[in-house]
Amino acid sequence: MTGSGNPPVGAGGSAQDARPSKGGSFHEMWRELYPIGRHPDSHGYRRYAWTGADLECRAWFKAQAEARGLVHEVDRNGNQWAWLGDPAAGDAVVTGSHLDSVPDGGAFDGPLGVVSSFAALDELRARGVEFTKPLAIVNFGDEEGARFGLACVGSRLTAGQLTVEGAHKLTDGDGISLPRAMEAAGYDPEAIGPDPERLSRIGAFVELHVEQGRALDLSGDSVGIASAIWPHGRWRFDFRGEANHAGTTRLVDRRDPMLSYAETVLAARREAELAGAVATFGKISVEPNGVNAIPSLVRGWLDSRAEDQASLDRVVTGIERAAREYAAAHGIDLDVVRESFTPVVEFDHALRDELARILGKDTDLKVPVLGTGAGHDAGILSGSIPTAMLFVRNPTGVSHSPAESATEDDCVAGVLALADVLEGLACA
Ligand SMILES: [Zn+2]
């Protein structure tokens, strides 16, 4: 656990190395979860909602809850809860994350938060603290949206940000709807819907998550606190030109939309750099899509995120302006459509400051507060209840990939930080 020659956490760790005062049972839990849904060739995780791998993870969660004498419960939307104390007492402190993954995802995105939650509870019990509020550990269902195409389905339904009708329309690549998938997994899809009563019993939700960037690596800190989730959106750029023969059409006679698309990709990079934002054309479709044909249509999808709304507006406006100039220069028609948009999510300021106070109180340590470009269940719930997030350093910043990592020392630091936070919030 101290990084002194122990196997990396990502390799399964060693139970003998777990010390109660340094993250407790973390290694043992990590080792149990490690093989579930791990693809033998890619070494990435394929834990999609309501599939066999997901059900194995859920069985693991239930076993962890019961082994600790917690009351295990599945809510109407398939989220799992492990309760210590009476939920009906209200003002509960909840922690947790998710266990599903993106296609060929890493080991840490999601599971680090759930495993750390159980380990933090073990740590608090070892400290002998007395809980004055109910505490729960949660595993939110279908966070990544890898199967049905919409992220955070479990928390969205609970918070009323996804309607029952909307959930019924979700289908996977094989045409299986979300309700049928839940039913096949032994859950009652008729029950899904908003759950305000459940949320009203929660005083604070804290999600620990591996950082999906390099801010902590660059600042030299193990753990950080989230300030906000950046506003983000997706825009579709349709460049329409004229299909023609790639061998016989003179360059000057062409209306080739690929050229203006390519120039727009470079403009996106430039505009994002200027604003300290990010902009990505990660998906493209081309018609007729022939090697020897000048395209008639190039459709590119822009994903852009920035620290604040004004910066994001500036980036996207700049990219669109450049795209229109390039399109005009090549005789190309351009349509730009905003397909989705999520405004900035500010985490609860009072809770965030409380976390900073708790984590800095013994050491005068200044825990960095940072924004993130990634969405989370905590972001969805922040519209309904006070939420906060802790990030654990990711040395490469790589995420949604088997290369995602965190060191043992940092995982332990995360567990201890979460334990401190839960002690401060639930044992006050
Ligand atoms: Zn995640």
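So which residues in segment 122-140 are over 12 Å from the mean Cα position of the chain (by Cα) and within 16 Å of the ligand (Cβ to nearest atom), if there are any at all?
First pass over segment 122-140, keeping only residues over 12 Å from the mean Cα position of the chain (by Cα): 122-139.
The answer is ILE137, VAL138, ASN139.
One residue stands out among those in segment 376-415 that are within 20 Å of HIS349 (Cβ to Cβ) and assigned to a loop (DSSP other than H, G, I, E, B): the one that is nearest to the ligand (Cβ to nearest atom), which is HIS376. Taking the criterion of being open to solvent by 50 Å² or more (accessible area, probe 1.4 Å) and either in contact (Cβ under 8 Å) with a residue 24 or more places away in the chain or in contact with a strand residue (DSSP E or B) (Cβ under 9 Å, 6 or more places away or on another chain) (or both), the residues of segment 244-261 that qualify are ASN244, HIS245, GLY247, ASP253, ARG254, ARG255, MET258, LEU259. PHE341: within 16 Å of the ligand (Cβ to nearest atom) and part of a strand (DSSP E or B), yes or no? Answer is no for this residue.
Just so you know, in segment 81-101 the residues that are in a strand (DSSP E or B) and surrounded by 23 or more Cβ atoms within 10 Å (Cβ to Cβ) include one that is farthest from the ligand (Cβ to nearest atom), and it is ALA92. Within segment 195-229, restricting attention to residues that are away from the ligand (no atom under 16 Å from the Cβ), part of a loop (DSSP other than H, G, I, E, B) and out of contact with any helix residue (DSSP H, G or I) (no Cβ under 7 Å at 6 or more places or on another chain), the residue that is farthest from GLU73 (Cα to Cα) is GLY220. For ARG180, all conditions in the list (1) open to solvent by less than 70 Å² (accessible area, probe 1.4 Å); (2) assigned to a helix (DSSP H, G or I) hold save one; what is the number of the exception? ARG180 satisfies all of (1) open to solvent by less than 70 Å² (accessible area, probe 1.4 Å); (2) assigned to a helix (DSSP H, G or I) except (1). In a residue-by-residue description of segment 304-323, the property of being open to solvent by 80 Å² or more (accessible area, probe 1.4 Å), on the phi < 0 side of the Ramachandran plot and part of a strand (DSSP E or B) applies to no position.
So, ASP54, is that one within 16 Å of the ligand (Cβ to nearest atom), of a type in the set (D, E, K, R) and either in a helix (DSSP H, G or I) or touching a helix residue (DSSP H, G or I) at 6+ places or on another chain (Cβ under 7 Å) (or both) or not? Spell out the reasoning first.
On the way: within 16 Å of the ligand (Cβ to nearest atom): yes; of a type in the set (D, E, K, R): yes; either in a helix (DSSP H, G or I) or touching a helix residue (DSSP H, G or I) at 6+ places or on another chain (Cβ under 7 Å) (or both): yes.
Answer is yes for this residue.
Per-residue answers, yes or no, for (1) out of contact with any helix residue (DSSP H, G or I) (no Cβ under 7 Å at 6 or more places or on another chain); (2) basic (Lys, Arg); (3) farther than 20 Å from CYS427 by Cα:
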position	(1), (2), (3)
GLY44	yes, no, yes
ARG58	yes, yes, yes
VAL71	yes, no, no
ASP91	yes, no, no
GLY105	yes, no, yes
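The values are calculated or read from the model by the stated rules, or taken from the named source; none is laboratory data. Keep in mind it's a predicted model, so treat the numbers as computed, not measured. In this analysis, Cβ positions are derived from the backbone assuming ideal geometry, glycine residues included, and neighbour counts consider all displayed protein chains. Ligands, DNA and RNA are stripped out before the accessible areas are found, and what is left, the full protein with its side chains, is counted by its heavy atoms. Shrake-Rupley method; radii C 1.70, N 1.55, O 1.52, S 1.80 Å.
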